[in-house]
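The values are calculated or read from the model by the stated rules, or taken from the named source; none is laboratory data. Quantities reported herein were computed from a predicted structural model and do not represent experimental measurements. Counting neighbours? That spans all protein chains shown, and the Cβs are built from the backbone with ideal geometry, glycine included. Note: areas computed on protein heavy atoms with side chains; ligands, DNA, RNA excluded. Shrake-Rupley method; radii C 1.70, N 1.55, O 1.52, S 1.80 Å.
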Amino acid sequence: MEKLKIMGGQPLNGTISISGAKNAALPLLAATLLTDQPVALGNVPALADIDSMVSLLTELGAEIEPVKTLSTMAHGPDIGRCYEITAATLSGSEATYDLVRKMRASVLVLGPLLARTGAARVSLPGGCAIGNRPVDLHVKGLAALGAEVTLAGGYIEARAPACGYLTGGRVVFPLVSVGATENIMMAATLARGQTTMVNAAREPEIVDLANCLRAMGAQVSGDGTDTIIIDGVEQLHGCSHQVIADRIETGTFAIAAALTGGTLTLAGGRADLIETVIDLLRQAGVAIDVGHQGLTVSAPAGGLQGVDVMTEPYPGFPTDLQAQIMVLMAVANGAAMVTETIFENRFMHVPELARMGANINVHQSSAMVRGVPQLTGAQVMATDLRASVSLVLAGLVAGGETEINRVYHLDRGYECLVEKLRAVGADIARHSGGDDADNGGPIACPHH
Ligand code: UD1
């Protein structure tokens with residue numbers, strides 16, 4: 001029902017507090033199913049995807065209490081929520097199609113449910129806007145731990161073997177998958193014996209999950225490298241854990257500062273989690289200072305320079321910043337080749353950016369971006385979360401007014417986006433009447 005209107009051309013200046021990472025919080029919430037004791041999670045961003053995961057946990061029988069004090073919260077008082085989750089007894093072991101269809105990360109309950117209860121039934125996610133996104137690696141990994149997995153009626157049905165528990169095994173991933181690494185990690189914590197995961201994902205969100213699992217009593221080592229070793233334990237216990245800073249949000253706002261000609265301090269943003277992104281922005285001419293409190297990013301006086309970008313698993317350039325960096329290249333001097341190696345069909349933002357005057361030609365998995373002096377505002381529509389935010393960035397730098405439909409994509413992944421941008425000088429507002437009907441409506445920013 002809502003759309004965003006942006007009047008471009010305002011430089012952004014000031015400080016933005018970086019939220020907790022959606023992609024860390026989702027597996028952490030799923031991990032609370034591994035124990036019957038309370039787990040407190042702080043710095044959880046207020047997002048529609050988090051609400052979906054909370055609903056799923058509730059449906060499975062977990063009790064979830066929002067906790068008021070965020071005493072150990074890392075960055076700033078205005079963002080983040082804290083939940084205490086107790087999955088004392090589970091009343092279900094199924095994630096339905098309705099939930100998984102809305103949020104693919106629901107599949108992350110598969111490993112924890114199977115390990116804890118010996119059975120799980122999770123809908124296959126089906127297609128999504130950025131490609132096919134299969135779950136075969138999740139299934140193969142669980143089978144390597146002894147699970148009997150069948151696919152029937154659109155559902156993955158997994159059972160522990162007759163002995164009632166999973167057993168440690170060797171899982172070799174043919175390609176790097178964040179979600180499959182997380183699912184198998186969680187399942188292996190309660191398996192009998194040792195699990196070795198080879199070619200595991202190295203994303204910071206994996207390390208955050210491992211830190212939380214260790215605090216719950218799990219024996220995990222090697223996280224952050226491509227080989228993770230887990231010695232199963234009989235049971236896990238409660239803990240308290242703070243979600244790490246969102247590196248994708250940090251990168252998105254860094255690009256916003258560079259694009260609009262301002263200076264933004266990203267409080268709580270962690271430079272060590274986006275080194276490849278910082279290197280690339282510096283090559284493009286962007287000035288970045290790294291301090292104790294976060295990063296300060298300023299646009300180059302001499303204009304932006306086009307630089308080639310290729311997305312890769314961490315520590316490479318993240319696919320979740322590909323659409324945003326493409327906007328920067330669209331107004332940089334010279335040309336840049338942007339190559340997407342993680343997801344097919346993740347150039348859905350290109351035709352919309354072209355409507356705003358960008359000069360981009362796509363050839364299979366590469367986009368040739370030839371910088372233009374100025375984008376112009378237009379009515380545009382987004383198809384996924386990161387594509388949506390790239391249109392916001394384009395709107396911030398374009399001449400005139402940009403109207404973005406399907407705002408619900410942004411509510412899935414950017415906490416208080418409009419409020420944060422307005423506070424640093426952006427001319428951006430929500431209006432009713434956009435094309436996002438039947439998606440549950442917008443999520444309210446809890447602090448504004
Ligand atoms: C996670 C992130 C998402 C990010 C992506 C890549 C969350 C909630 N989401 O998604 O924002 O864009 O990592 O960094 O953390 N694949 C298979 N078989 C599988 C699983 C994956 O072939 O069983 C393929 C995918 O189609 C894709 C590649 O592996 O081409 C990487 O996907 P994966 O890392 O699993 O992404 P997600 O965990 O879904």
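Hey, does region 111-125 have a residue that's open to solvent by 40 Å² or more (accessible area, probe 1.4 Å) and either among the small types (Gly, Ala, Ser) or within 9 Å of the ligand (Cβ to nearest atom) (or both)?
Initial filter on region 111-125 (open to solvent by 40 Å² or more (accessible area, probe 1.4 Å)): 116-117, 121, 124.
Imposing the further condition that a residue be either among the small types (Gly, Ala, Ser) or within 9 Å of the ligand (Cβ to nearest atom) (or both) reduces the set to none.
Looking through region 111-125, none of the residues is open to solvent by 40 Å² or more (accessible area, probe 1.4 Å) and either among the small types (Gly, Ala, Ser) or within 9 Å of the ligand (Cβ to nearest atom) (or both).
Of 234, 249, all but one fail to be of a type in the set (Asp, Glu), open to solvent by 10 Å² or more (accessible area, probe 1.4 Å) and at pLDDT 95 or above; the exception is 234.
For region 177-192, the set of residues classified as open to solvent by 10 Å² or more (accessible area, probe 1.4 Å) and more than 16 Å from the ligand (Cβ to nearest atom) consists of 190, 192, listed by residue number. Within region 234-260, residues that are basic (Lys, Arg) reach partners that are not in a loop (DSSP other than H, G, I, E, B) with beta carbons closer than 7 Å, at six or more positions or on different chains, in the pairs 247/204; 247/273. Taken over region 207-226, the criterion of being open to solvent by 30 Å² or more (accessible area, probe 1.4 Å) and assigned to a helix (DSSP H, G or I) is satisfied by 207, 211, 214, 215.
Evaluated against (1) within 16 Å of the ligand (Cβ to nearest atom); (2) surrounded by fewer than 20 Cβ atoms within 10 Å (Cβ to Cβ); (3) of a type in the set (Ser, Thr, Tyr); (4) modelled with pLDDT of 95 or more, residue 155 falls short on exactly one condition, (4).
Can you find a residue that is over 23 Å from residue 370 (Cβ atoms) and more than 22 Å from the chain's Cα centre (by Cα) anywhere in region 310-324?
No, the conditions are met nowhere in region 310-324.
Just for region 193-206: of the residues that are within 13 Å of the ligand (Cβ to nearest atom) and not charged (D, E, K, R), which one is farthest from residue 43 (Cα to Cα)? The residue in question is 199.
Taking region 253-355 as the region of interest, the strands (runs of 3 or more DSSP E) fully inside it that hold 1 or more residues being out of contact with any Lys or Arg (no Cβ under 9 Å at 6 or more places or on another chain) and open to solvent by 50 Å² or more (accessible area, probe 1.4 Å) are 263-267, 287-290, 335-339. Please determine whether any residue of region 372-379 is outside any strand (DSSP E or B), over 22 Å from the mean Cα position of the chain (by Cα), in contact (Cβ under 8 Å) with a residue 60 or more places away in the chain and under 25 Å from residue 413 (Cβ atoms). Looking through region 372-379, at least one residue is outside any strand (DSSP E or B), over 22 Å from the mean Cα position of the chain (by Cα), in contact (Cβ under 8 Å) with a residue 60 or more places away in the chain and under 25 Å from residue 413 (Cβ atoms).
For region 164-176, state whether one or more residues are surrounded by fewer than 14 Cβ atoms within 10 Å (Cβ to Cβ) and among the small types (Gly, Ala, Ser). Scanning region 164-176, I find at least one residue that is surrounded by fewer than 14 Cβ atoms within 10 Å (Cβ to Cβ) and among the small types (Gly, Ala, Ser), so the answer is yes. Within region 21-29, at least one residue is open to solvent by less than 10 Å² (accessible area, probe 1.4 Å), under 19 Å from the mean Cα position of the chain (by Cα), more than 30 Å from residue 257 (Cβ to Cβ) and at pLDDT 90 or above.
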